[in-house]
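Asks: Structure incoming, see below.
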């Protein structure tokens, strides 16, 4: 065993040594069960991966090109306004997606992450994951993830392991409790939408396993995007373009590599030249910046291309101009002269650009060839590259492979795998192929080429942009074809194509541009525009006419009854185009209860990035004004999320009263305790001092007693001794100190002589008596306090509550005396009687009711009778009223009895109806009420009334109506008498006739 490979080896049994938490050469830590062979394989794998960022995409140009690690600039990634160094995203997230424009540096970023992680592991760093570089096409072609890892790794990083060794390496996690980090590049390069879904599904399923973490890189891939990837847990970040200073630093590194003096000054001057072209913003990515540098290095005095299409054309010409350096014609002659086919080789070289365009078109439509063998097979089907007579196919394939590789447009690995220098190179060449086939055709060909699509971005967007550029430069009018994209039923997914042409420096006529602006304004103004399409329209209009965007979004934001989600989107846009208007709208949206916490937080963060003070002030003002409980909770959560430290101080300090009123205090303190525990403790102390309820104060002091006993004791003492505090708060604090802090009732004793109101001193005596055992003295003192309260004082009704803590019978006696003989109004007496129910028995309460009803006014007596019957199960009061009262008062008393005893009430009512000494209307009302309660009893009473001639005509008509319900004959008899009798009033007679008819 090589001692340089493994350390910490201890002697084992005869079967061999045992590795104990050893490390392979370079510092990678292993578990005790890791075999030496596995250690060696992983070391070799990591050593090759540690060089993944050495080689640049353009290594086939200008010697070997600068190593990627030499010119690489750290990138910035953004999500919802949050910016992070792209290389550090995995410090924050388990997995993620990375998007960016073509050439933005996604592939370089993945190689950089892989290389840094591999070198860190070899250097003895703490392992968090072991990286694996694969492409999405590897995943699409494989039957399993493990198979994809093998295929993706083999040969792509100068790997020395063969497929069998890789299969063994990927059989299980690389290190104990350390997952594989699978870096998946080029999801957008999977040709079919179904293939992309299969890849995403494989990643989604594999993420559920502890052995794998994933980073997926892709251009934007349409409305579906990464939604199925679990955006909450695995967020999507976009790589930001270079800033001007980034670009200058990047270019200076290229010039330094090739020994140019004053590299930075040269780079600054070159950027100024670039910005005078239509390329400007397009060069703020590594790909186009590298192209510009290469073109400049090859011809410093040459004019720069004016747009993207011209840049790619110049770059391809630069690559093909290298043919003489590799002397490809001489190589072909040596191979083909024995067969007399040298002309075929010359013809192939002369048409090589067209061949590469054809191969690129096939790759775009059918998928990439993947290997040189597959690429040469495809080339054989192209006329100028067909097999010449007499040349063996093997030799001709070798010729094709040499010529294709010599173009520099593709990179060829030792395994035979091939890939285009960059996907956009293949897209440019494919567009050139389509242009050559269709340039002689008319409008119909243009309409077919730029037909409206059902999704954005178009699957072949870059190809179509390059194609449009070729046609425009050839003098072809595309206006008619492109206007179809702006029709109402197309523009949602297609208006952006015109914007893409403008972005890439392609000339667009003024009429088409104006029509695009109008279409985008209409999309923004239409509330029914789906959210994704609306956001696209905003960004597109921002590039074409920012003033029009400002005007349209301002109008939309001021639209009455605008849906909350669209209102939020509009204000979010206004923050970037009209700060003053945005700040007029932000407080309104934040105050709207429809706004979600997520939207409020996102908007507050956006405002804070421009003005933290304004964001903070809006939230604090809204919270201080007081909102509904749920909305206040959202505001507090937003404040703490966006301004953790300042928000915590504000809530604990200035906003404490508002938060307490809103009922969100405890939730806010829970959030504050996550990042500011000391402030949270102060907040709990505020609750002890100012909590609106005894329950809340008790919970706060309980929390303090558990987490900060000294602060709890100090807070309770301060509250008790603070004369400005409400009396009940002081008593609560003293009680809580006795119960939770074991102060032996010391603070309660202080309150007995403190400056507090009589009712609070009585409360203090009651608590002191219970907790110190001095119950008799406490009862005596409370009696004295009660006696000292003036006649009619409300204190004479509240002090007995404290007495009830010590002696309920004594408390009931005090309350009975005050309710019956005090000088309080009757409503107050009844209210206190109801309160007394908390600690008096029903029998005691009913007794007080009987006494209270004796001298009361009829309506008051009836109220007390109802209370006794319904609450205290005592009907004696109402029965006494029934016996003593007559007329309608008696009926009212019987109705009260009906609530608890309907049958007994019906008996009383029926007897009342038969009492000839009562008035006819009262007897009739009693009979009808009895019928409602108990029909048989009421029916008998109504029949008895039918023979009573003393009833007037009005009563007899009502009686007849009642009898018709159950005794039609008798009711009709009464009606006939009413009709015939001459003394019957005309109105009554008419009603009787109508009932009879």
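Asks: Testing residue 566 on (1) at pLDDT below 90; (2) over 22 Å from residue 643 (Cβ atoms), one condition comes back false. Which one is that?
Replies: With respect to (1) at pLDDT below 90; (2) over 22 Å from residue 643 (Cβ atoms), residue 566 is out only on (1).
Asks: Still on this structure: For region 722-838, list the helices (runs of 4 or more DSSP H) that sit wholly inside it and hold at least 3 residues that are out of contact with any helix residue (DSSP H, G or I) (no Cβ under 6 Å at 6 or more places or on another chain) and under 26 Å from residue 872 (Cβ atoms); which are they? Full working, then the answer.
Replies: On the way: elements: 727-740, 746-752, 758-772, 775-788, 795-806, 808-821, 826-836.
The qualifying helices (runs of 4 or more DSSP H) are 808-821, 826-836.
Asks: Filter region 839-865 down to the residues that are touching a helix residue (DSSP H, G or I) at 6+ places or on another chain (Cβ under 6 Å) and not in a helix (DSSP H, G or I), then identify the one that is surrounded by the fewest Cβ atoms within 10 Å (Cβ to Cβ).
Replies: Among residues in region 839-865 that are touching a helix residue (DSSP H, G or I) at 6+ places or on another chain (Cβ under 6 Å) and not in a helix (DSSP H, G or I), the one surrounded by the fewest Cβ atoms within 10 Å (Cβ to Cβ) is 839.
Asks: Got a sec? Which of 593, 569, 551, 581 is farther than 25 Å from residue 625 by Cα and either more than 24 Å from the chain's Cα centre (by Cα) or not in a helix (DSSP H, G or I) (or both)?
Replies: Working: 593 fails: farther than 25 Å from residue 625 by Cα; 569 fails: either more than 24 Å from the chain's Cα centre (by Cα) or not in a helix (DSSP H, G or I) (or both); 581 fails: farther than 25 Å from residue 625 by Cα.
Residue meeting the stated conditions: 551.
Asks: Would you point out which residue out of 911, 890, 926, 868 is crowded, with 23+ Cβ neighbours inside 10 Å and within 23 Å of residue 950 (Cα to Cα)? Explain how you work it out, then say what you get.
Replies: Details: 911 fails: crowded, with 23+ Cβ neighbours inside 10 Å; 890 fails: crowded, with 23+ Cβ neighbours inside 10 Å; 868 fails: within 23 Å of residue 950 (Cα to Cα).
Matching residue, one of 911, 890, 926, 868: 926.
Results for (1) touching a helix residue (DSSP H, G or I) at 6+ places or on another chain (Cβ under 6 Å); (2) within 22 Å of residue 631 (Cβ to Cβ); (3) part of a helix (DSSP H, G or I), shown as yes or no for each residue.
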| position | (1), (2), (3) |
| --- | --- |
| 658 | yes, yes, yes |
| 672 | yes, yes, yes |
| 678 | no, no, yes |
| 685 | yes, no, yes |
| 688 | yes, no, yes |
| 697 | yes, no, yes |
| 703 | yes, no, yes |
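Asks: Name the pairs: first residue in region 676-697 and assigned by TED's automatic domain parsing to the domain that holds residue 734 and under 22 Å from residue 641 (Cα atoms), second residue surrounded by fewer than 17 Cβ atoms within 10 Å (Cβ to Cβ) and at pLDDT 80 or above, Cβ to Cβ under 6 Å, at least 6 apart or on different chains?
Replies: Once the first residue is assigned by TED's automatic domain parsing to the domain that holds residue 734 and under 22 Å from residue 641 (Cα atoms) and sits in region 676-697, no partner that is surrounded by fewer than 17 Cβ atoms within 10 Å (Cβ to Cβ) and at pLDDT 80 or above comes close enough.
Asks: I need every pair where a residue in region 548-561 that is at negative phi and in contact (Cβ under 8 Å) with a residue 60 or more places away in the chain has its Cβ under 8 Å from the Cβ of a residue that is in a helix (DSSP H, G or I) and surrounded by fewer than 18 Cβ atoms within 10 Å (Cβ to Cβ), sequence separation at least 6 or different chains.
Replies: Every condition considered, no pair remains.
Asks: Counting only residues that are more than 21 Å from residue 203 (Cβ to Cβ) and in contact (Cβ under 8 Å) with a residue 24 or more places away in the chain, which one in region 88-103 is surrounded by the most Cβ atoms within 10 Å (Cβ to Cβ)?
Replies: Of everything passing the filter in region 88-103, 103 is surrounded by the most Cβ atoms within 10 Å (Cβ to Cβ).
Asks: Got a sec? Which of 682, 750, 710 is modelled with pLDDT of 80 or more and within 32 Å of the chain's Cα centre (by Cα)?
Replies: Values: 750 fails: within 32 Å of the chain's Cα centre (by Cα); 710 fails: within 32 Å of the chain's Cα centre (by Cα).
Checking each option against the conditions leaves just 682.
Asks: In region 286-331, what residues are more than 30 Å from residue 502 (Cβ to Cβ) and surrounded by fewer than 21 Cβ atoms within 10 Å (Cβ to Cβ)? So that I can check it myself, show each step before the final result.
Replies: So in region 286-331, the residues more than 30 Å from residue 502 (Cβ to Cβ) come out as 321-331.
321, 322, 323, 324, 325, 326, 327, 329, 330, 331 - these are the residues of region 286-331 that are more than 30 Å from residue 502 (Cβ to Cβ) and surrounded by fewer than 21 Cβ atoms within 10 Å (Cβ to Cβ).
Asks: Return the residues of region 771-793 that are exposed (fewer than 13 other Cβ atoms within 10 Å of the Cβ), within 59 Å of the chain's Cα centre (by Cα) and within 15 Å of residue 761 (Cα to Cα); say none if nothing qualifies.
Replies: Answer for region 771-793, where residues must be exposed (fewer than 13 other Cβ atoms within 10 Å of the Cβ), within 59 Å of the chain's Cα centre (by Cα) and within 15 Å of residue 761 (Cα to Cα): there is none.
Asks: Against the conditions (1) closer than 15 Å to residue 401 by Cα; (2) free of Cβ contacts under 8 Å to residues at least 24 places away in the same chain, where does residue 373 fall short? Just the number, please.
Replies: In the conditions (1) closer than 15 Å to residue 401 by Cα; (2) free of Cβ contacts under 8 Å to residues at least 24 places away in the same chain, residue 373 misses (2) alone.
Asks: Report every pair of residues separated by at least 6 positions or lying on different chains whose Cβ atoms are under 8 Å apart, first residue within region 577-598 and farther than 25 Å from residue 539 by Cβ, second outside any helix (DSSP H, G or I).
Replies: 591/627; 593/627; 593/628
Asks: Whether any residue in region 447-460 is surrounded by fewer than 23 Cβ atoms within 10 Å (Cβ to Cβ), in contact with a helix residue (DSSP H, G or I) (Cβ under 7 Å, 6 or more places away or on another chain) and part of a helix (DSSP H, G or I) is what I want to check.
Replies: Taking region 447-460 as the starting set, the residues that turn out to be surrounded by fewer than 23 Cβ atoms within 10 Å (Cβ to Cβ) are 447-460.
Narrowing the set further to residues that are in contact with a helix residue (DSSP H, G or I) (Cβ under 7 Å, 6 or more places away or on another chain) leaves 447, 449-450, 452-456, 458, 460.
With the extra rule that they be part of a helix (DSSP H, G or I), the set shrinks to 447, 449.
Looking for residues that are surrounded by fewer than 23 Cβ atoms within 10 Å (Cβ to Cβ), in contact with a helix residue (DSSP H, G or I) (Cβ under 7 Å, 6 or more places away or on another chain) and part of a helix (DSSP H, G or I), one finds at least one in region 447-460, hence yes.
Asks: Mind checking whether some residue in region 105-125 is loosely packed, with under 15 Cβ neighbours inside 10 Å, assigned to a loop (DSSP other than H, G, I, E, B) and in contact with a helix residue (DSSP H, G or I) (Cβ under 6 Å, 6 or more places away or on another chain)?
Replies: The answer is no; no qualifying residue exists.
Asks: Same structure, new question: With respect to residue 483, determine if the residue is free of Cβ contacts under 8 Å to residues at least 24 places away in the same chain, within 44 Å of the chain's Cα centre (by Cα) and part of a helix (DSSP H, G or I). So that I can check it myself, show each step before the final result.
Replies: Working: free of Cβ contacts under 8 Å to residues at least 24 places away in the same chain: no; within 44 Å of the chain's Cα centre (by Cα): yes; part of a helix (DSSP H, G or I): yes.
So residue 483 fails the test.
Asks: Any idea how many residues of region 252-272 are out of contact with any helix residue (DSSP H, G or I) (no Cβ under 7 Å at 6 or more places or on another chain) and part of a helix (DSSP H, G or I)?
Replies: Residues of region 252-272 that are out of contact with any helix residue (DSSP H, G or I) (no Cβ under 7 Å at 6 or more places or on another chain), as a first pass: 259, 261-262, 265, 269, 272.
Still in the list and also part of a helix (DSSP H, G or I): 265, 269, 272.
Here the count works out to 3.
Asks: List the helices (runs of 4 or more DSSP H) inside region 310-374, counting only whole elements, that have at least 1 residues being at pLDDT 85 or above and assigned by TED's automatic domain parsing to the domain that holds residue 393. Step through it out loud before you land on a result.
Replies: Working: elements: 323-326, 328-336, 342-350, 352-366.
It comes to 328-336, 342-350, 352-366.
Asks: Of the residues 505, 496, only one is in contact (Cβ under 8 Å) with a residue 40 or more places away in the chain, on the phi > 0 side of the Ramachandran plot and not assigned by TED's automatic domain parsing to the domain that holds residue 220; which?
Replies: On the way: 496 fails: on the phi > 0 side of the Ramachandran plot.
Matching residue, one of 505, 496: 505.
The values are calculated or read from the model by the stated rules, or taken from the named source; none is laboratory data. This structure is a prediction, so every number in the text was calculated from the model and none was measured. Please note: Cβ atoms are built from the backbone with ideal geometry, for glycine as well, and neighbour counts cover all protein chains shown.
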